[in-house]
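Since the structure comes first, as structure tokens, the remarks are kept for the end.
The values are calculated or read from the model by the stated rules, or taken from the named source; none is laboratory data. Just so it is clear, the model here is predicted, and its values are computed rather than measured. Here the Cβ is made from the backbone with ideal geometry for all residues, glycine too, and neighbour counts use every protein chain on show. Ligands, DNA and RNA are excluded from the accessible area calculation, which covers all protein heavy atoms including side chains. Shrake-Rupley method; radii C 1.70, N 1.55, O 1.52, S 1.80 Å.
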Amino acid sequence: MYNKILVPLDGSHRSLAATEHAIQIAAKVNANITLLHVAPNLTPLVGPYGDRLGVAQKTIVKEFETMGENILNEAMEDLKDRGVTINKKLTWGNPAQEICLEAREGNYDLIVIGSRGLSEIKGYLMGSVSNRVTRHAHCPVLIIR
């Protein structure tokens, strides 16, 4: 039924709960899992202080990359020895768009995602990533609360 499961991670409690659900499903159906973290793109900083802004932006980008790698590595460490093949991937962009793109291009059979990484109020006002993924994904989406 499921051969490839995509699990987006943002480091929130709910994304980690989604990971646990995905592991349980994968173990039962002998599926592979890919943990995906999407770091946000930053618009280029321009102005009269271009050199200093560029250095600041590079520092922020490096911090996002480090944070994403840490989230993925911690999850990989927590999930080792569970009898499931787990891969990881870090990408940049709009989280909902990148999750749907990865699912489509990687021919995933299922996306398992936490219900909200943002606070309830902010997520309600902005619309949650999981909500957008549910509307646009080519495959089934399991949302974990």
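How about the stretch 119-132: which of its residues are of a type in the set (S, T, N, Q), under 22 Å from Leu6 (Cα atoms) and either at pLDDT below 90 or surrounded by fewer than 21 Cβ atoms within 10 Å (Cβ to Cβ) (or both)? Let's see the steps before the verdict.
As a first pass, look at the stretch 119-132 and keep what is of a type in the set (S, T, N, Q): 119, 128, 130-131.
This time we only want the ones that are under 22 Å from Leu6 (Cα atoms), so: 128, 130-131.
Those that are of a type in the set (S, T, N, Q), under 22 Å from Leu6 (Cα atoms) and either at pLDDT below 90 or surrounded by fewer than 21 Cβ atoms within 10 Å (Cβ to Cβ) (or both): Ser128, Asn131.
Would you confirm, using the coordinates I've provided, whether Leu16 is within 26 Å of His138 (Cβ to Cβ), in contact (Cβ under 8 Å) with a residue 12 or more places away in the chain and either open to solvent by 70 Å² or more (accessible area, probe 1.4 Å) or in contact with an Asp or Glu (Cβ under 6 Å, 6 or more places away or on another chain) (or both)?
Details: within 26 Å of His138 (Cβ to Cβ): yes; in contact (Cβ under 8 Å) with a residue 12 or more places away in the chain: yes; either open to solvent by 70 Å² or more (accessible area, probe 1.4 Å) or in contact with an Asp or Glu (Cβ under 6 Å, 6 or more places away or on another chain) (or both): yes.
So Leu16 passes the test.
Suppose we filter Ala22, Ala75 for residues that are assigned to a helix (DSSP H, G or I), open to solvent by less than 30 Å² (accessible area, probe 1.4 Å), over 24 Å from His136 (Cα atoms) and modelled with pLDDT of 95 or more; which single one remains? It would help to see each step written out before you state the result.
Details: Ala22 fails: over 24 Å from His136 (Cα atoms).
Testing whether each residue is assigned to a helix (DSSP H, G or I), open to solvent by less than 30 Å² (accessible area, probe 1.4 Å), over 24 Å from His136 (Cα atoms) and modelled with pLDDT of 95 or more leaves just Ala75.
Write out, first by first residue and then by second, each pair whose Cβ atoms fall under 7 Å of each other, whose residues are 6+ apart or on separate chains, and whose first residue, in the stretch 34-55, is open to solvent by 100 Å² or more (accessible area, probe 1.4 Å) and modelled with pLDDT of 80 or more while the second is outside any loop (DSSP other than H, G, I, E, B) and not acidic (Asp, Glu).
Asn41/Trp92
Look through Arg116, Arg82 and report the one residue that is in a loop (DSSP other than H, G, I, E, B), more than 16 Å from Ser15 (Cβ to Cβ) and at pLDDT below 95. Steps first, answer last, please.
Values: Arg116 fails: more than 16 Å from Ser15 (Cβ to Cβ).
The match here is Arg82.
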